Amino acid sequence: MITRRAMLLGGAGAAGLALAGCSAGYAPAGTIVSGSFISRYRQGVRTGWSIVYPRGHVRARLPVLIALHGRGGDHTGAYESLHLDRYLAQVIGNGARPFAIASVDGGDHDYWHPRHAGDPAGMVVHEFVPLLAAHGLRTARFGLLGWSMGGYGTLYLAGVLGAARVAVAVAESPAIWHHSYQSVQGAFDDAQDFDTHAIFGRQQRLRGVALRIDCGASDGFAPVVRDLRASISPTPAGGIEPGGHDSGYWRTQAAAQLAFVARHLP
């Protein structure tokens, strides 16, 4: 089942959202098309998704940025919490090339990699990307953006697929660790799962991907993110800025991150 709803700024409710995250100078947001499918890779789980189209570009043949949500979230967080539809309108209004943003459910704490209980990474590559292509979006090369758990997923998927498929990747406050014993419960099946799908030690796989990594200075992940940024050459865009591990900080970075994506999507 697919639903569509226009997200036009200007009403009282929209003004409240603007105060929550968007600055002056935003343009009217576009249209969100949503639906769901039964995912074979997630072992038969009904999986929700949404596509955010810029205003005036519904069903246009656009490049696409795939957004991966954080732990405990779902596909709606990209626009209900981070308001990426409104920041997208803002950066396009400032002259950036139009693109769509697509989000999909990845599970409460599945961490966007193959697990005993399912494979959300395989779902993205083998089910969601073809769905986006069927909606007319350009998917030969695409972008990835994720926060927290989704930040890890962005780095993992960009490394697995490489620059041949992923043009640009933005990881904000990625949930990453040096060692399995440091990770939170449920993030990995066991130490072997952690080692098989770790980011450290595989940074060379990100070569050729336009990369931005951000993290709040007071975020508990900041020390590890500093280490990751220092281990990658050339140093990724972004940096360690004031803020914590929350949607308030992520919204402060959204406009710059989407402008970065627009510059690097094919």
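The values are calculated or read from the model by the stated rules, or taken from the named source; none is laboratory data. This is a predicted model, so every value here is computed, not measured. As a convention, Cβ positions derive from the backbone with ideal geometry for all residues, glycine included, and neighbour counts pool all protein chains shown.
A few comments on the model shown:
- Ala67 meets the conditions (1) surrounded by fewer than 19 Cβ atoms within 10 Å (Cβ to Cβ); (2) touching a residue at least 60 places away in the same chain (Cβ under 8 Å); (3) outside any loop (DSSP other than H, G, I, E, B); (4) not basic (Lys, Arg) in every case but one. The failed one is (1).
- When restricted to residues that are buried (at least 24 other Cβ atoms within 10 Å of the Cβ) and more than 15 Å from Ile176 (Cβ to Cβ), the range 145-163 contains 1.
- Inter-residue pairs, beta-carbon under 8 Å, first under 16 Å from His83 (Cα atoms) and in the range 34-59, second buried (at least 16 other Cβ atoms within 10 Å of the Cβ) and of a type in the set (Asp, Glu), 6+ apart: Trp49/Asp105; Val52/Asp85
This table checks each residue for (1) of a type outside the set (A, V, I, L, M); (2) over 22 Å from Thr47 (Cα atoms).
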| site | (1), (2) |
| --- | --- |
| Ala134 | no, no |
| Ala140 | no, yes |
| Glu172 | yes, yes |
| Ala187 | no, no |
| Asp193 | yes, yes |
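- As a summary of the residue check, Phe200 satisfies the conditions (1) without any contact (Cβ under 8 Å) to a residue 40 or more places away in the chain; (2) not in a loop (DSSP other than H, G, I, E, B) except for the one numbered (2).
- Residues of the range 123-151 that turn out to be out of contact with any Ser or Thr (no Cβ under 9 Å at 6 or more places or on another chain), touching a residue at least 12 places away in the same chain (Cβ under 8 Å) and farther than 27 Å from Ala237 by Cα, as a count: 4
- Looking across the range 206-260, the residues that are out of contact with any Cys (no Cβ under 7 Å at 6 or more places or on another chain), touching a residue at least 40 places away in the same chain (Cβ under 8 Å) and assigned to a loop (DSSP other than H, G, I, E, B) come down to Arg207, Gly208, Val209, Asp219, His245.
- Of all residues in the range 91-112, those satisfying the criterion of being of a type outside the set (Asp, Glu) and crowded, with 23+ Cβ neighbours inside 10 Å are Val91, Phe99, Ala100, Ile101, Ala102, Ser103, Val104, Gly106, Tyr111, Trp112.
- Any chance Arg61 is surrounded by fewer than 23 Cβ atoms within 10 Å (Cβ to Cβ), assigned to a strand (DSSP E or B) and either more than 15 Å from the chain's Cα centre (by Cα) or at pLDDT 95 or above (or both): no
- Enumeration of residues in the range 203-224 that are closer than 24 Å to Leu265 by Cβ and either over 20 Å from the mean Cα position of the chain (by Cα) or not polar (S, T, N, Q) (or both): Gln204, Arg205, Leu206, Arg207, Gly208, Val209, Ala210, Leu211, Arg212, Ile213, Asp214, Cys215
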